[in-house]
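Novice: One structure follows; several queries about it will come next.
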Amino acid sequence: MSEFDIIWHRYNLKQNPYFTEPLTIEGSIVPIETLVGRDKEKEDITTNISLGGGTRFLVIGEAGVGKTSLVNFVRARARKNLFFSPINEIKVQDDWTPTLLVIDVLQNIYSETKSHGIKIQNNNLLKTLEDLFELSRIVEADDINPEAVLSISLSQATRLYEDLVREIINAGGYKAIIIHFNNLDNLDEAENYDKLFNNLRDFFQNKHSIFIFVGSEFIYNIINYRPKVRQIFVNVPIEIGKLSINEMKMLIKKRISYMRIGNRDYIEPHSEEALKLLYTLYDGNARDILNSLSTSVQHLKDRNTPTFIEEVKLKEILFNVANEMLLKKISPNEQKVLNEIIRLKKTTNSELANTLQKQRQHISSYLSKLLDIRAVKVDFIEGTKKYYSPTAEALWLKFKVTEKEIKERRTKELNKIEQVQQSLKKYLG
Ligand SMILES: Nc1ncnc2c1ncn2[C@@H]1O[C@H](COP(=O)(O)OP(=O)(O)O)[C@@H](O)[C@H]1O
Ligand SMILES: [Mg+2]
């Protein structure tokens with residue numbers, strides 16, 4: 001337990017209930033069963049999986065809505081029903097070549113066989129895999145092109161995959177192998193999709209394997225325009241939308257009930273209004289909401305009593321953090337551009353040049369600064385058009401507390417003071 005956890009002890013919580021990491025199969029801070037809602041999506045993914053080997057599909061949605069956690073949840077259940085699936089999702093690498101992708105998959109399922117106590121009968125296969133992984137560990141430590149050193153062709157790697165899969169299925173009587181590729185949008189350039197998928201058609205055809213690809217909603221656009229790539233995905237994509245406000249409340253309640261210390265009463269650090277405010281700001285995005293709550297509690301003064309985060313407090317803290325982190329680092333012109341991006345939500349260089357009456361090359365230099373300090377992100381690319389939007393942190397700048405709100409809070413405090421004084425008078429005479 002780190003020093004940092006002390007903050008949460010004041011609330012009678014073991015640790016930060018607003019963590020933003022996905023839920024994992026083996027359970028991280030809280031068990032995977034704490035996943036809330038998603039009944040329909042769980043069913044859709046389960047139905048696809050139950051089709052067995054040869055199934056390949058996309059799970060898409062905005063970053064932070066809960067895709068990875070959901071797919072992990074369904075995989076955890078499938079693993080209890082004779083599906084073989086590596087504990088960890090496989091993160092898509094932007095520098096993958098087709099062969100390196102296959103080797104990463106091989107490595108993942110091979111280490112999973114060990115934890116299941118599955119013995120590979122074919123000694124030659126076993127020896128080859130051991131040697132290959134040893135070599136790739138050496139190569140990874142050095143800063144050299146792994147593809148060149150590994151000197152294994154794509155068709156050889158694919159053969160190894162087929163043989164290993166056959167061994168696993170036979171040894172454990174599994175229905176199929178589930179491979180979960182996470183963050184497919186890491187392949188930012190459209191050509192990368194061609195490069196990988198066009199070359200991996202044979203690999204993906206494996207009749208014992210189910211491939212699940214998780215990524216942002218925009219990858220679907222890229223894939224849709226590339227018929228050869230599209231053909232890889234035999235099932236319709238499953239779209240993951242936002243959680244409802246009640247599900248969001250439930251999500252936090254469940255976490256807190258796991259994190260409370262002993263049987264003591266816990267204190268929920270935030271007010272319902274604060275949560276609602278964030279829910280609206282982020283249109284229900286779970287990760288952005290949790291990250292904002294986490295940030296606000298961490299910026300409270302370290303008192304001996306737990307401080308409650310109500311609406312105005314939340315705004316004050318988050319605005320100040322964004323002010324320090326972003327506004328103080330930029331010029332008035334860059335601020336203007338940032339404000340305009342926040343107002344427009346999603347925009348391009350030429351639109352900004354238009355609405356701000358400035359030259360495009362000036363906007364470009366402001367944009368590169370804003371990207372640099374992470375006030376702005378490239379949301380997606382459509383042909384040659386880049387769409388920019390504010391980062392989750394930049395949206396805290398919308399929380400500038402008004403004079404009226406400060407006055408209202410002061411009035412509330414004054415009323416409370418009066419009440420306390422009356423109670424004291426009554427008690428002490
Ligand atoms: N249905 C859910 N139940 C419980 N926690 C969730 C749920 N959806 C998302 N979360 C939480 O929200 C955060 C973001 O989820 P994650 O799965 O990482 O999103 P994505 O993969 O879409 O970016 C994580 O901390 C995760 O634990
Ligand atoms: Mg994810």
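Bear in mind these aren't lab numbers, they're just calculated from the coordinates by the rules spelled out. Computed from a predicted model, the values in this text were never measured in an experiment. Glycine gets a Cβ as well: all are built from the backbone with ideal geometry, and neighbour counts include every protein chain shown.
Novice: Go ahead and run the numbers for FRET between K386 and S271, Cβ-Cβ distance against an R0 of 35 Å, rounding to 0.05.
Specialist: The formula returns an efficiency of 0.35 here.
Novice: Right, next: Find the eigenvalues of the gyration tensor of the Cα atoms of segment 309-352, then list the square roots of 5 times those eigenvalues as equivalent ellipsoid semi-axes, largest first, in whole angstrom.
Specialist: Semi-axis lengths for segment 309-352 are 25, 14, 6 Å.
Novice: I would also like to ask the following. For segment 340-370 and segment 25-98, what is the centre-to-centre distance using only Cα atoms, to the nearest Å?
Specialist: 38
Novice: Sticking with this structure for a sec: Of F73, A171, L154, which is farthest towards the positive pole of the chain's charge dipole, taken about the Cα centre with +1 and -1 on the beta-carbons of Lys, Arg and Asp, Glu respectively?
Specialist: So the residue furthest toward the plus end is F73.
Novice: So, one more: Taking only DSSP H segments of four or more residues, each worth -39500 (n - 2.57), what value at 222 nm results for the chain once the sum is divided by all its residues, to the nearest 500 deg cm²/dmol?
Specialist: When only DSSP H runs of four or more count, the value is -16000 deg cm²/dmol.
Novice: In nm, to one decimal, how far is the modelled label at S155 from the one at L424, with both set 7 Å along Cα→Cβ?
Specialist: 8.8
Novice: Another one. Tell me the relative contact order for segment 320-418 as a rounded percent, counting alpha carbon contacts under 8 Å between residues six or more apart.
Specialist: Value for segment 320-418: 29 percent.
Novice: Which aspartates and glutamates, if any, have their Cα less than 18 Å from the Cα of K195, not counting same-chain residues under 8 positions apart?
Specialist: Hits, sequence-local ones excluded: D94, D95, D104, E147, D185.
Novice: Hey, which lysines would be in cross-link range of K412, C-alpha to C-alpha under 19 Å, not counting anything within fewer than 8 residues on its own chain?
Specialist: K313, K315, K404
Novice: Further question on the same structure: Give me the net charge for the shell around V312: Cβ to Cβ below 15 angstrom, other residues only, Lys and Arg +1, Asp and Glu -1.
Specialist: +2
Novice: Next question, about the same structure. So what's the angle, to the nearest 10 degrees on a 0 to 90 scale, between helix 67-79 and the longest Cα principal axis of the chain?
Specialist: On a 0 to 90 degree scale, this one is about 50.
Novice: Restricting to Cα pairs below 8 Å that are 6+ residues apart, what does the relative contact order work out to for the chain? Please round to a whole percent.
Specialist: With pairs under 8 Å counted, the relative contact order is 20 percent.
Novice: I would also like to ask the following. Calculate the spin-label point distance for Q357 paired with K40, positioning each point 7 Å from the Cα along the beta-carbon direction, and give it in nanometres.
Specialist: 4.7
Novice: Order by neighbour count: L125, L414, L35, fewest other Cβ atoms within 10 Å first, most last.
Specialist: L414, L125, L35
Novice: Quick one: order M325, M248 by neighbouring beta-carbon count within 10 Å, fewest to most.
Specialist: Ordered from fewest to most neighbouring Cβ atoms within 10 Å, M325, M248 come out as M325, M248.
Novice: So, one more: Order by neighbour count: L327, L314, fewest other Cβ atoms within 10 Å first, most last.
Specialist: Ordered by Cβ neighbours within 10 Å, fewest first: L327, L314.
Novice: Moving on. Hey, what angle do you get for helix 39-50 against the long axis of the chain, alpha-carbon based, 0 to 90 degrees rounded to 10?
Specialist: Here the helix axis deviates by roughly 10 degrees.
Novice: Using a cut-off of 18 Å between alpha-carbon atoms, which lysines can reach K42, once sequence neighbours fewer than 8 places away in the same chain are excluded?
Specialist: Those lysines meeting the cut-off are K67, K80, K242.
Novice: Roughly how tilted is helix 311-325, in degrees to the nearest 10 and between 0 and 90, from the longest Cα axis of the chain?
Specialist: 60
Novice: Past 21 Å, Cα to Cα, is the threshold; run K346/K398; K328/K377; K91/K254; K40/K175 against it and keep the listed order.
Specialist: K91/K254; K40/K175
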